[in-house]
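So the structure is just underneath, and the comments pick up after that.
Taken together, the values in this text are just the output of simple stated rules run on the coordinates, not laboratory data. These figures come from a predicted structure and were not determined experimentally. Note that each Cβ is placed from the backbone with ideal geometry, even for glycine, and that neighbours are counted across all protein chains shown.
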Amino acid sequence: MKKRAGMMVAGFGALVLAAGLAVYAQDGPRPGPPDAAGILGFEAGPGGPGGRLVKGAPVTAQVATETVAVLEDGTHIDRKSTGAFYRDSQGRTRKEETMPAFGPESESGPRHMVFIQDPVAGMHYLLETDQKIAREMPAHHGHDASPDAMPGKHPHNEANETKESLGTQTINGVSATGTRITRTIPAGEIGNDKPVQIVVERWYSSELQMDVMSKRTDPRFGTTTMQLTNVSREEPAASLFQVPADYTVKQGRGHEFGGPPPAAEPPSQ
């Protein structure tokens with residue numbers, strides 16, 4: 001039971017990392033409970049699947065994400081994760097996250113995850129650093145995403161959103177323009193007896209073409225804050241976007257990371 005629970009936790013985290021994450025910049029925070037938002041803000045960070053390809057704007061930065069939720073009885077849940085983001089002039093990206101282990105995995109220590117997007121080769125890689133396995137997945141071409149876009153927005157609820165300009169300020173050494181988007185979920189839409197307000201605050205750098213800070217407050221799940229620090233415009237090393245030579249490359253996500261169980265190996269001859 002503990003092993004299965006641990007695999008479920010690992011699988012959920014990796015799915016968020018590989019699927020939505022990583023849109024620190026271009027897509028902003030996506031809806032989801034603290035468990036989903038906690039994965040280094042990969043779901044609230046730069047350049048993931050569905051995010052737009054950015055060329056000619058290399059960047060290296062540290063990423064800090066924190067999710068705080070308060071339960072009805074006053075209990076505070078505070079989860080933090082740290083990581084790094086790299087993007088080269090060709091638009092290749094590398095996202096790293098180290099998040100503390102909890103539950104059945106707590107004895108194994110912090111978990112480190114790496115996701116590489118290589119639009120040049122047309123492939124994505126999820127690196128299992130503990131086993132030195134690279135899960136290879138075909139790349140999906142992203143779309144241009146407006147820095148003012150509200151993740152999860154649908155045409156039928158645009159009338160329930162308001163946008164407010166917050167001006168320009170310098171955040172961790174980077175000039176950024178702020179926008180606050182408030183979405184109201186009408187009473188009865190999700191079984192709620194009162195309107196629910198979700199507020200997303202984003203500070204977008206046109207120079208970096210990504211968010212340098214974002215904050216998402218949802219009364220259902222708490223508040224998730226992501227910010228970039230130690231930002232550098234120097235070209236990252238090419239090796240960061242390559243699978244290490246001592247890794248075994250396998251197709252797909254793998255069973256432990258949320259994919260289908262691997263096919264049974266034929267009996268030995």
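In terms of the mean number of neighbouring beta-carbon atoms within 10 Å, the peptides 67-78, 180-191, 206-217, 120-131 order highest first as 206-217, 120-131, 180-191, 67-78. Pairs over the 27 Å Cα-Cα cut-off, from the set LYS80/LYS250; LYS215/LYS250; LYS55/LYS95; LYS80/LYS194: LYS80/LYS250; LYS215/LYS250; LYS80/LYS194. For ALA159 and ASN230, a Förster radius of 41 Å and the Cβ-Cβ distance give a FRET efficiency of 0.50, rounded to the nearest 0.05. Inter-label distance, ALA187 to LYS55: 5.3 nm, where each label sits 7 Å from its Cα along the C-beta direction. On full extension, the segment bounded by ALA245 and ALA121 gains 43.0 nm, given 0.36 nm per residue less the C-alpha separation.
For a paramagnetic label modelled at 7 Å from the Cα of LYS194 toward its Cβ, which residues of the range 214-238 fall within the zone defined by backbone nitrogen distances under 19 Å? Those under the cut-off are 217-223. Note on GLU207 and LEU166: the extension gain reaches 13.0 nm, defined as 0.36 nm multiplied by sequence separation minus the Cα-Cα distance.
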